[in-house]
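As structure tokens, the structure follows; a few thoughts come after it.
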Amino acid sequence: MGVTTNSISIVRGEPDRVSDILRLLQEAAGWMELNGINQWTPGQFNEVDISGYFADRHVYLSLDDGVVVGMFTLQFSDPQYWGSKNDESYAYLHRLAVAGSHRSQGLGQYMLKYAVVRASELGCRGLRFDTVAHNIKLNRYYQSLGFYYMGTNDMGNGRLVNLYEHFTENFDEDAVILRYFSEADFEFLKRCSNTAEFLKQWAGSTIAFPLDDEQLNNYLAGANHPAESDRLIYCAVHVASQKVVGHISISTIDRINRSARIEGVVVDPKCHRRGIGSRMINGILRIGFDGLGLYRLSLGVYDFNIVALKTCESVGFKREGIQREAALFGERYVDCIEMSMLDREWRGKIQIKQQ
């Protein structure tokens, strides 16, 4: 199978391209070293190992006028990286590389999208891959393409990799993806937090009104390292429009007791009554239970926020109790309704959905 876009074609590679692949991988590894990305080194690649790729995986090459300018491989089992989560019904992508002459031109994204389609054509449940955990910008990029975080694996010598999965869901015109919150999203959150009351509603007393960049930088500091941080902070991106429509986080992550708290839920006022909030919460539940391996997720909703209460109950949260007169809004103290979901409840919900 081959696919063509402008001058680039993607084709199934043959062993006679081993020397071209070696040059590409060594060049890509050298670029990683220069940019402080601890993933590949030029010396790890040789023609003997690359020749072996053709025996145990599919090799795909991006060609520009016959010249190899990009590549990736697909294999159909990956216990080294996925461990107990390994599943031979998935395709596993490795060796994604782009030549320096074609970097920053969208070729990497094009190859990833091609790989998603190819995995489906091969009858796989979805596409999986891994990437270095320390590079938040790179992880955010993969999340923006619709890949879901599925865990972190320690490969030894302090090398952590994040695991991602892409699977096809039913068409949803208001589908959202969750990607790491960054400085580029500050203006969205400041625009939504235009009153002291609303800021307190999602941030509690941890951030003062008016919301500013200094406070947001402090809020973001140390976040978004799944194996180490006590909080993961996301923005929600509307897939169809590619606009940021929300904000949500998992905080106070307790890895011993496998629990955490969902906080900071903000939906763009322009998107109310479209189910964006429930989609965001379902996305964060998947990250918490499937990615972080949590047993319990909790949240609190102020009693006057009837819409939020109904949304949380609709996705499966159970009421646990009430913190009486927990916060002061104006001249009135309001109750906070405590809610939670357990891993088995999440699994049961997913099984029902799949039936």
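Any read-out appearing in this document is the output of simple, stated calculations on the displayed coordinates, not a laboratory observation. This is a predicted model, so every value here is computed, not measured. In this analysis, Cβ positions are derived from the backbone assuming ideal geometry, glycine residues included, and neighbour counts consider all displayed protein chains.
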### Query
What ranking do 158-166, 326-334, 214-222 get when scored by the average of other Cβ atoms within 10 Å per residue, highest first?
158-166, 214-222, 326-334
### Summary
Percent of all Cα-Cα pairs per 20 Å bin for the chain, counting from 0 up to the last occupied bin, reads 27, 53, 19, 1
### Whole-Å distance, taken between Cα centres, linking the stretch 26-86 and the stretch 120-153
16
### Message
Could you derive backbone 3J(HN,Hα) for the stretch 279-288 from the dihedral phi with the Karplus parameters 6.51, -1.76 and 1.60 (θ = phi - 60°), listing whole Hz in sequence and x where the residue is Gly or Pro?
### Response
5, 4, 5, 4, x, 6, 5, 4, 4, x
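Tell me whether the stretch 176-354 comes out rounded, prolate or oblate; compute the Cα gyration tensor, take square roots of the eigenvalues as a ≥ b ≥ c, and use a/c under 1.5 as the rounded threshold.
Because its axes are fairly even, with a/c under 1.5, the stretch 176-354 counts as rounded.
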### Query
Can you list the lysines whose alpha carbon sits under 27 Å from that of LYS243, skipping same-chain ones fewer than 8 residues off?
LYS113, LYS137, LYS190, LYS200, LYS270, LYS310
#### Entry: Residue with peak Gaussian network fluctuation, the chain [Cα springs, cutoff 10 Å], from VAL176, VAL245, VAL48
VAL48
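About its Cα centre, how strong a charge dipole does the chain have in debye, to the nearest 20, once Lys and Arg get +1 and Asp and Glu get -1 at the Cβ?
740
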### Message
With θ taken as phi - 60° and the coefficients 6.51, -1.76 and 1.60, list the Karplus ³J(HN,Hα) couplings across the stretch 52-60 in order, rounded to whole Hz; mark glycine and proline as x.
### Response
x, 4, 6, 8, 10, 7, 8, 10, 10
### Task
Go through the stretch 231-318 and name the trypsin sites (Lys or Arg not before Pro) that are in a DSSP coil and have 10 or fewer other Cβ atoms within 10 Å of their Cβ.
ARG273
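Run through the DSSP bridge list for the stretch 3-166 and note the antiparallel percent, rounded to the nearest 5. Mind showing how you got there, number by number?
On the way: 32 of 35 bridges.
In the stretch 3-166, approximately 90 percent of DSSP beta bridges are antiparallel ones.
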### Query
Who wins for biggest fluctuation among ALA99, ALA28, ALA240 in a Gaussian network model of the chain, springs between alpha carbons below 10 Å?
ALA240
### Summary
Long-range amide H partners of GLY126, meaning residues 5 or more apart or on another chain whose placed amide H is closer than 5 Å, are ALA91
#### Entry: Rounded Å value of the spacing that divides the Cα centres of the stretch 234-281 and the stretch 203-226
16
### Message
Over 17 Å apart: what share of the alpha carbon pairs of the stretch 58-186 falls there, rounded to a whole percent?
### Response
62
### Sequence-distant residues sharing a close amide H with ALA99 (under 5 Å, placed H)
GLY70
### Query
How big is the gap, in Å, between the Cα center of the stretch 294-330 and the Cα center of the stretch 154-197?
22
### Message
Once you keep just the Cα pairs under 8 angstrom separated by 6 or more residues, what percentage relative contact order results for the chain?
### Response
9
### Task
Considering Cα pairs under 8 angstrom that are at least six residues apart, work out the relative contact order of the stretch 176-354 and quote it in whole percent.
17
